[in-house]
Amino acid sequence: MKSFEFEGRSLDFGCGDGLFSFIRAGGRFRAEFDAFQKTEQLDRFYENADVYDAYDESFDPLVTMPASYQISVGFDHKANLLRKAAALGFYKETVQGDGNGPLPFGDDSFKSIFSNIVYWLDNPISVLTELRRILEPGGAICLMLPNDTLPEYSFYNSLYVETKDERWKWLELLDRGRLSDNIKQSKSDEDWRENFARAGLVVLHHSQHLPKTIIQTWDIGFRPMFPALMKMVDGVDREKMPGIKAEWLNALKMFATPLAAMGATNDERSAFHCYVLSK
Ligand SMILES: C[S@@+](CC[C@H](N)C(=O)[O-])C[C@H]1O[C@@H](n2cnc3c(N)ncnc32)[C@H](O)[C@@H]1O
């Protein structure tokens, strides 16, 4: 994504709380800010409730460094995530809508579009056709899309779905609806290119990222312990929190820095594609 620039009128399609795009744009926060601080329905965590779909007036992102550019429009279907995104001061405008339907934007209305959600939607060809319609001639679309290796690397899929072995049924709690519900499309480069061609899009760039080791680390992450961790965090003295977070981060970095470096190699077995497309 390094070479992709948010030029002209720009769209973050499925921006969520905006944190990914804000940090990518150089935005930074004070250590006291915690992206997980505003959650709801923790008691329904194991029923796959979206615990981050929560907002109140106390949400304050404590920005220390603003992003080096702005994005014109942040689009998502969840109002609470858009409120968090708006609090960053990074999007000129936020628009709520369903990415599955016709998009509420005119033809040729964006010069640059980024999206990490096309694979969450029902029909890739109709979404790609809509994205093409709203892209101005000469503009570019940057998409993150899963490779067909992604399900192979999922513990839930490989140990439970493929085997039907009841000992691994509990992995549904780890998957939390990601593969069973959210991630609807995982395709080879060849298959994605066929979809682009049918939607009238041309590939300008293709690379791959997130190899198996990173995906399997992400797959577990802190998910199983999340509700208990949140309760512990709630019990921590606010004054002590930045110091404790610094210790966590330093320990995590020993592991995360070399792990992230692995993701920089362009390997065709990696779990995600990055495409830049034009029309
Ligand atoms: C994988 S997250 C991406 C968030 C962020 N762009 C990122 O890269 O971290 C998927 C986002 O898609 C949004 N989403 C899922 N289905 C949607 C739909 N039908 N219409 C609009 N947004 C949707 C979710 O609310 C969520 O914010």
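Looking at ARG9, ARG30, ARG44, just one residue is open to solvent by 50 Å² or more (accessible area, probe 1.4 Å) and modelled with pLDDT of 95 or more, and that residue is ARG9.
Within segment 209-230, work out how many residues are without any contact (Cβ under 8 Å) to a residue 40 or more places away in the chain and open to solvent by 70 Å² or more (accessible area, probe 1.4 Å).
To start, the set of residues in segment 209-230 that are without any contact (Cβ under 8 Å) to a residue 40 or more places away in the chain comprises 218, 221-222, 225, 228-229.
From what's left, open to solvent by 70 Å² or more (accessible area, probe 1.4 Å): 218, 222, 225.
The number of residues fulfilling the criteria is 3.
In the set (1) hydrophobic (A, V, I, L, M, F, W, C); (2) over 18 Å from VAL118 (Cα atoms); (3) open to solvent by less than 20 Å² (accessible area, probe 1.4 Å); (4) within 13 Å of the ligand (Cβ to nearest atom), ALA49 fails one condition alone, (4).
Quick grid of which residues meet (1) within 13 Å of the ligand (Cβ to nearest atom); (2) without any contact (Cβ under 8 Å) to a residue 12 or more places away in the chain; (3) touching a strand residue (DSSP E or B) at 6+ places or on another chain (Cβ under 9 Å):
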residue: GLU5; (1), (2), (3): no, no, yes
residue: GLY14; (1), (2), (3): yes, no, yes
residue: PHE22; (1), (2), (3): yes, no, yes
residue: GLY26; (1), (2), (3): no, no, yes
residue: PHE29; (1), (2), (3): no, no, yes
residue: GLU40; (1), (2), (3): no, no, no
residue: PHE45; (1), (2), (3): no, no, no
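Which members of segment 125-149 meet the condition of being more than 24 Å from SER72 (Cβ to Cβ) and either modelled with pLDDT under 95 or acidic (Asp, Glu) (or both)?
Taking segment 125-149 as the starting set, the residues that turn out to be more than 24 Å from SER72 (Cβ to Cβ) are 125, 146-149.
Answer for segment 125-149, where residues must be more than 24 Å from SER72 (Cβ to Cβ) and either modelled with pLDDT under 95 or acidic (Asp, Glu) (or both): just ASP148.
The single condition among (1) open to solvent by less than 30 Å² (accessible area, probe 1.4 Å); (2) away from the ligand (no atom under 11 Å from the Cβ); (3) over 26 Å from PRO211 (Cα atoms); (4) outside any strand (DSSP E or B) that ASP108 does not meet is (1). Of everything in segment 231-269, what is in a loop (DSSP other than H, G, I, E, B) and open to solvent by 60 Å² or more (accessible area, probe 1.4 Å)? Give them in sequence order. Those that are in a loop (DSSP other than H, G, I, E, B) and open to solvent by 60 Å² or more (accessible area, probe 1.4 Å): GLY235, ASP237, ARG238, GLU239, LYS240, ALA264, THR265, ASN266, ASP267, GLU268, ARG269. Under the condition of being within 16 Å of the ligand (Cβ to nearest atom), open to solvent by 50 Å² or more (accessible area, probe 1.4 Å) and in contact (Cβ under 8 Å) with a residue 40 or more places away in the chain, the residues counted in segment 111-128 number 3.
A quick yes/no check of all residues on (1) closer than 27 Å to VAL127 by Cβ; (2) more than 20 Å from the chain's Cα centre (by Cα); (3) in a loop (DSSP other than H, G, I, E, B):
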{"site": "ALA49", "(1), (2), (3)": "yes, no, yes"}
{"site": "ASP53", "(1), (2), (3)": "yes, no, yes"}
{"site": "GLU57", "(1), (2), (3)": "no, yes, yes"}
{"site": "ASP60", "(1), (2), (3)": "no, yes, yes"}
{"site": "THR64", "(1), (2), (3)": "no, yes, no"}
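Residues in segment 182-212 that are away from the ligand (no atom under 16 Å from the Cβ), of a type outside the set (S, T, N, Q) and assigned to a loop (DSSP other than H, G, I, E, B): LYS187, GLY200, LEU201, PRO211.
Can you name the condition, by its number, that ASN100 falls short on among (1) more than 16 Å from the chain's Cα centre (by Cα); (2) surrounded by 19 or more Cβ atoms within 10 Å (Cβ to Cβ); (3) in a loop (DSSP other than H, G, I, E, B)? With (1) more than 16 Å from the chain's Cα centre (by Cα); (2) surrounded by 19 or more Cβ atoms within 10 Å (Cβ to Cβ); (3) in a loop (DSSP other than H, G, I, E, B) applied to ASN100, the lone miss is (2). For ILE23, the conditions (1) among the β-branched types (Val, Ile, Thr); (2) open to solvent by 50 Å² or more (accessible area, probe 1.4 Å); (3) under 26 Å from LYS184 (Cα atoms) are fulfilled apart from (3). Scanning segment 154-208 for residues that are over 30 Å from PHE45 (Cβ atoms), out of contact with any helix residue (DSSP H, G or I) (no Cβ under 7 Å at 6 or more places or on another chain) and open to solvent by less than 40 Å² (accessible area, probe 1.4 Å) turns up SER188, TRP192, SER207, GLN208.
The values are calculated or read from the model by the stated rules, or taken from the named source; none is laboratory data. Every value quoted in this text rests on a predicted model; they were computed, and no experiment measured them. Positions of Cβ are backbone-derived with ideal geometry, glycine not excepted, and every protein chain shown enters the neighbour counts. Accessible surface areas use protein heavy atoms only, side chains included; no ligands, DNA or RNA. Shrake-Rupley method; radii C 1.70, N 1.55, O 1.52, S 1.80 Å.
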